[in-house]
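K.L.:
I am attaching a structure below and will ask some questions about it afterwards.
Computed from the coordinates by the stated procedures, all read-outs in this text should not be read as laboratory data. Here the structure is a predicted model, which is why all the values come from computation and not from measurement. Cβ coordinates were reconstructed from backbone atoms using ideal geometry, including for glycine residues, and neighbour counts include every protein chain displayed.
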Amino acid sequence: MDDLGKVLIVDDNEDVLFALKLLLEPMAEKIKVALSPDKVEYFMTTYHPDIILLDMNFSQDAISGEEGFNSLSNILQIDAEAVVIFMTAYSDTEKAVRAIKAGATDFISKPWNNEKLIATLSSAVKLKRSRKQVSELRSQVEYLSSLDSVHGEIVGESQAMRSVFDTVDKLSNADANILILGENGTGKDLIARLLYQTSLRKNAPFVTIDLGAIPEQLFESELFGYEKGAFTDARKLKIGRMEIANEGTLFLDEIGNLSLPMQAKMLTALEKRTITRLGGTEQRPIDIRLICATNSDIHNMVYKGDFRQDLLYRINTIEIHIPPLRERGNDIILLADHFTNLYSHKYKKDIRGLSREAKQKLLKYPWPGNVRELQHVIERAVIMNDMTVLRSEHMMLNDSAKQLKKEVDDSTTLEELERNAIELAVRRNGGNLTHAAEQLGITRYALYRKLEKHGL
C-alpha cells in the first residue's frame, strides 16, 4: 500500500472520526480530524492535506448534502487541485454524479467497505501527486515562455552562428530528433532551449537531464523511474524524466556518457515508444521530442564500439554543430559587451565598456572554456573593478590556456588532444581532480571516466 500522505477527515460523528483514524493511521503520514466544515479553511492553509475525506451532511440537515457541496466549493477556491472524497449515508446516483461534476474526486457511501475505502484513497493520493507534478511542469513551461527569448541570450553575428540560427529556424515546424555537437561551454543547452521554444511542442514540458553529472548506476532510475519497493531505498514511487517529458521535449545533455547497456534500453524505449519503470511491469506510452548534446566525438565513439550506431541514427535526424568561441571572431567582443552590461547592472556598477587593449587581449586568447569561460572572466572583472572602463589588466586570463593551445596544436589526433588537455589540467591543479574538471568544463564523474579511458 502506498503512503497516503496527510489526510484530513471532516465529520460531525466522533465515532466515524475515531474509526477512520484507527483504520488509516498505519498508512498515512499524518491524520487530522475536524467535527465541522468551518475548520477546513484553517487546516487547508496550515496543514496542507493531500486528501480530504468530507462528510456531506452536518447541522443544517441530514439528507440534502448542501453543506458538503458548499464546503467543496470553498476548498476548491483555496486549492483548485485539492483531492476531496465525499462521504454520506444518504447516497444516490444523482448525488454522486453531481458531486463529481462539482469537483469531488470520488464518492463513498456509509457504512463503507474497508478494502474499497483504502483502494479509493490510494488512487486519490496518486492523483494528488500527479496533479502536483503537472502543476510544477506547467509552471516550468510558463516560466520558459515568459522569457523574452533564449535567442536573446545567444549573442552572435558570425557566419558560423548565423548558420546555427538558420538551422534552428528551419526546424521550427519539424518534430525531428536533434543532436547538438560542440565543445564544453559553447552554449549547447541554450540552443536546446531555443529549439524547444520555437518548436511545435513549446507549450508542453521541457525536461533536462545531465548524464555527465549522474553516476552510471542511477541512469536507469532517472530516465525511466521506479516503483515503490523496486530496490532497498525505493520508499516511494518515482516518475522518470522520459515519462515526465511525455508530449513535450526531453533534453539529454552529455549523451556520450550513456553506458552501452543503457544505450540498448534507451534505443528500445525510442523504438517502442514505451517505458517500464524499474520494479514495474506496465508498459507506459511516451511521446517525446528528443534533443541530445555532447562534447564527445560521438562518431569516433561509434567507430570504436563505445556508442551504438543504431542509437546514433535514432537521435541525430539533424545534427547541429556549435562552433568554439575561438572560431567566432568578433562575437568575442559582442559577448564581452553583453556580459559587461549584464553584470554591471547585477552588481550596480557604472561600467560603460572595455578599452581597446582589453578587447585585443580577449581576441588573442584561445578560450579553451569557450563562452562560459568568457562569462566568468567578465563577471570577475566587473566585481573587482570600480572604474568606468574595463582595462586589459582587469582581464584575468588563465595562462595555462596558452600552453594548452600549444599542446593542442602539436597533437595529431583527437585522442592525443584530449589526453594532453586532461594531463595539463591535472598537472596545473596539483592533482586536484575537482579543480581540473572545472577547468576542463566537465563534471568530476566525467573526468574519472576519461582518466580511465586514457589509462591515466
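K.L.:
Provide Asp106, Asp297, Asp55, Asp287 in ascending order of the number of other Cβ atoms located within 10 Å of each residue's Cβ, fewest first.
P.N.:
Result, fewest neighbours first: Asp287, Asp297, Asp106, Asp55.
K.L.:
Run down the aspartates and glutamates and flag those whose C-alpha is under 18 Å from the C-alpha of Lys6, throwing out any fewer than 8 positions away in its chain.
P.N.:
Cα-Cα hits under 18 Å: Glu25, Glu29, Glu41, Asp50, Asp55, Asp79, Glu81, Asp106.
K.L.:
Listing Trp112, Trp367 from the residue with the fewest other Cβ atoms within 10 Å to the one with the most, what is the order?
P.N.:
Trp112, Trp367
K.L.:
Using 0.36 nm per residue, how much length does the chain from Thr198 to Asp386 gain when fully extended, once their Cα-Cα distance is taken away?
P.N.:
Computed gain between Thr198 and Asp386 is 63.7 nm.
K.L.:
Which one, Phe224, Phe107, Phe307, is farthest towards the positive end of the dipole of the chain when Lys and Arg carry +1 and Asp and Glu -1 on their Cβ?
P.N.:
Toward the positive end, the furthest listed residue is Phe307.
K.L.:
Sticking with this structure for a sec: I need the peptides 355-361, 194-200 ranked by packing, meaning the mean over residues of other C-beta atoms within 10 angstrom, with the highest value on top.
P.N.:
Highest to lowest by the protection proxy: 194-200, 355-361.
K.L.:
Another question about this same structure. For Arg444 and Leu127, what does the FRET efficiency come to when R0 = 45 Å and r is the distance between their Cβ atoms, rounded to the nearest 0.05?
P.N.:
Efficiency at R0 = 45 Å is approximately 0.65.
K.L.:
Within 10 Å of each residue's Cβ, count the other Cβ atoms and sort Glu227, Glu319 from fewest upward.
P.N.:
Glu319, Glu227
K.L.:
Separate question: Taking every alpha carbon pair in the stretch 153-321, what does the distance histogram look like in 10 angstrom bins from 0, in percent?
P.N.:
P(r) over the stretch 153-321, rounded to whole percents: 10, 38, 35, 14, 3, 0.
K.L.:
Next question. How far apart, in nm, are the 7 Å Cα→Cβ label points at His454 and Asp350?
P.N.:
Simple spin-label model gives 4.9 nm for this pair.
K.L.:
Now, a different point. At 7 Å along Cα-to-Cβ for each site, give me the label-to-label distance between Ile239 and Asp166 in nm.
P.N.:
My value for the distance between the label points is 4.1 nm.
K.L.:
So the label point goes 7 Å from the Cα of Lys304 along Cα→C-beta, right? Which residues of the stretch 244-281 then have their backbone N under 18 Å from it?
P.N.:
Flagged as within label range: 254-263.
K.L.:
Once the other residues with Cβ under 12 Å from the Cβ of Thr249 are scored (Lys, Arg +1; Asp, Glu -1), what is the net sum?
P.N.:
Residues near Thr249 contribute +2 overall.
K.L.:
When DSSP assigns beta bridges and you keep just the ones with both residues in the chain, what percent turn out antiparallel, to the nearest 5? Numbers along the way, then the final one.
P.N.:
Details: 4 of 42 bridges.
Approximately 10 percent, going by the DSSP bridge assignments.
K.L.:
Run the quick spin-label model on Leu76 and Arg372: label points 7 Å from Cα toward the beta carbon, then report their separation in nm to one decimal.
P.N.:
In this crude spin-label approximation the distance works out to 4.8 nm.
K.L.:
Could you work out the local net charge near Phe18, counting Lys and Arg as +1, Asp and Glu as -1, over the other residues with Cβ closer than 12 Å to its Cβ?
P.N.:
-3
K.L.:
When the chain is fully extended, how far beyond the present Cα-Cα distance does Tyr313 get from Phe18, taking 0.36 nm per residue of separation?
P.N.:
Values: separation 295, 0.36 × 295 = 106.20 nm, distance 6.13 nm.
Here the answer is 100.1 nm.
K.L.:
For the charge dipole of the chain, defined by +1 on Lys and Arg C-beta atoms and -1 on Asp and Glu C-beta atoms about the Cα centroid, which residue among Thr388, Pro285, Val168 has the Cα displaced farthest towards the positive pole?
P.N.:
Thr388
K.L.:
Full extension from Glu416 to Lys272: what is 0.36 nm times the residue separation minus their Cα-Cα distance, to one decimal in nm?
P.N.:
On the way: separation 144, 0.36 × 144 = 51.84 nm, distance 3.93 nm.
So the extension gain works out to 47.9 nm.
K.L.:
Using unit Cβ charges (K, R positive; D, E negative) and no other charged atoms, how large, in debye to the nearest 20, is the dipole of the stretch 153-321 about its Cα centre?
P.N.:
Numbers: 20 positive and 24 negative charges, 116 e Å.
Magnitude of the dipole: close to 560 debye.
K.L.:
OK, next. Ratio of Rg to Rh for the stretch 262-376, alpha carbon only, Kirkwood?
P.N.:
With Rg and the Kirkwood Rh in hand, the quotient comes to 1.19.
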